[in-house]
Amino acid sequence: MTAQELTIGIEEEYQIVDSTGELRPHIETLLRATAEELVGEQVRAEMIQSVVEVGTGVCSTVDEAFAELSQLRSTLARVLSAEGLRMACAGTHPFSRWQEQLITEKDRYKMLEDEMQDVVREILIFGLHVHVAIPDRELRMDIMNEARYFLPHLLALSTSSPFWAGRDTGLKSYRSVVWSRFPRSGIPPDFESYDEYQNYLDVLVATGCIDDGKKIWWDLRSHPEHPTLEFRCCDQTTRIEETICMAALAQAICAKLMVLRSRNLGFRRYMPALIAENKWRAMRYGIDGSLIDFGRRAEVPMRDLALELLDFVDDVVDRLGSRTAVEYVHTILREGTSADRQVRVLRESGSLAAVVDHLCAETLG
């Protein structure tokens, strides 16, 4: 399995902040200012006007994605700087409040607000999404059933949301708590075939639960419009190297599972409820907790499991050209996740504004 077969795409969500560190509703001005430099769907509005979403094109390698995201981050930061604004990457803002944010003036967002009320108004969170191309629909469902086991591992490594509305929540990913209030979120269920999945969607559409597959918000989903498996579990990572590491791991996990299937060595599937137990541990403790190894029926330190994950994908990363990217895991284990670093800054400075300054600096490397 080569990178050319398992192409990737990455979506990031950035915070627009002013000189005091508060979020600032500036998306419409930003879109107009970047219209000539950034074409197509590279930069998009999101539900909240202080959020900007970016997306790469289809990338053959993680190095290609790194180059594109570097350009996007630097261009947006430069345009915002001219307006006295900054850009920060993290799963939540340390102190801005959702009650003070403005909803973007788009029909889709207004309809969601009318349908879900405060559940959608409080979605002041920022996520990292990674698409891995798997054109064969049946294979895509098989890999989704197996790859979900690794969602807590990816979340633990990407945690970046310890604060909410000015409070240290005690969790490493409070974003996951906020997101869990959405319907059709969390660990995806088992599907024996693509037809079973399609029938599930058809029932929801026919009964008025959803109007299309975009309202399936699981941590891992078969994308409703593209032939990709979309990993949606990660907090928005702060350093670009962390983003590329998560993308490389997602790609490598899919590649390894496909290699195993080609050898008639399927990966064991575990109940979503069991995987959800590990997700809670990842949300609460990040890399400093333990997850359950269900095969051994034992708790294992997440730091050990991170190294086991590197071993698991070791035989595919060179073919994917992603060894350097996945081995950034060692840096995360050594220096902590963004959540760990943010908490460290608060303890040293006593200031959440200093945490925002830290995030802005790390966002631009």
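Counting only pairs 8 or more residues apart or on different chains, how many lysine pairs in the chain have their Cα atoms under 20 Å apart?
Eligible lysine pairs with Cα atoms under 20 Å apart amount to 5.
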Inset, instruction - Roll a 1.4 Å probe over the protein chains and send me the accessible area per residue for the chain in Å². - result: 40
Legend entry - Mean Cβ count within 10 Å, highest first, over the residues of peptides 180-189, 354-363: 354-363, 180-189
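Expected output is a single nm value to one decimal: the length gained when fully extending between Ser19 and Val205, i.e. 0.36 nm times separation in residues minus the C-alpha distance. What is it?
Details: separation 186, 0.36 × 186 = 66.96 nm, distance 4.50 nm.
Net length gain for the segment: 62.5 nm.
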Legend entry - Cα long-axis angle, helix 194-206 against the chain (0 to 90 degrees, to the nearest 10): 50
Legend entry - Label point distance in nm, His226-Arg184, each placed 7 Å from Cα along Cα→Cβ: 1.9
Legend entry - Modelled FRET efficiency - R0 30 Å, Ser349 with Arg121, Cβ distances, 0.05 increments: 0.45
Legend entry - Amide H partners (placed H, <5 Å) of Arg24, local residues excluded: Ile16, Val17, Asp18
Inset, instruction - May I ask you to compute the full-extension gain from Leu307 to Glu5, defined as 0.36 nm times their residue separation minus their alpha-carbon distance, rounded to one decimal in nm? - result: 106.1 nm
Inset, instruction - Mind pulling the angle between the C-alpha long axis of helix 272-285 and the longest principal axis of the chain? Nearest 10 degrees, somewhere in 0 to 90. - result: 40
Legend entry - Cα centroid separation - segment 230-309 against segment 153-191, whole Å: 15
Inset, instruction - Using a 1.4 angstrom probe on heavy atoms only, work out the carbon and sulfur share of the accessible area of the chain in %. - result: 49
Inset, instruction - Only one of the values (i) 1.30; (ii) 1.09; (iii) 0.94 was calculated from this structure for Cα Rg over 2.2 N^0.38 Å; name its label. - result: (iii)
Inset, instruction - State, to one decimal in nm, how far the label point of Leu333 lies from the label point of Arg297, with both points 7 Å from Cα in the Cβ direction. - result: 2.8
Legend entry - About the Cα centre, charge dipole magnitude for segment 86-189 (Lys/Arg +1, Asp/Glu -1 at Cβ), debye: 280
Legend entry - Protection-proxy order for peptides 166-174, 114-122, 230-238, each taking the mean of Cβ atoms within 10 Å per residue, highest first: 230-238, 166-174, 114-122
Inset, instruction - Starting from the Cα of Ser193, step 7 Å along the direction of its Cβ; do the same at Arg269; then give the gap between the two resulting points in nm. - result: 1.3
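About its Cα centre, what dipole magnitude does the chain give when the only charges are +1 on Lys and Arg Cβ and -1 on Asp and Glu Cβ, stated in debye to the nearest 20? The partial results should precede the final answer.
Values: 41 positive and 58 negative charges, 175 e Å.
Here the size comes out at about 840 debye.
The values are calculated or read from the model by the stated rules, or taken from the named source; none is laboratory data. Keep in mind the model is a prediction, meaning the values are calculated, not measured. For neighbour counting, all protein chains shown are included, and Cβ atoms are generated from backbone atoms with ideal geometry for every residue, glycine included. To get the accessible areas, we keep the full protein, side chains included, count just its heavy atoms, and leave off ligands, DNA and RNA. Shrake-Rupley method; radii C 1.70, N 1.55, O 1.52, S 1.80 Å.
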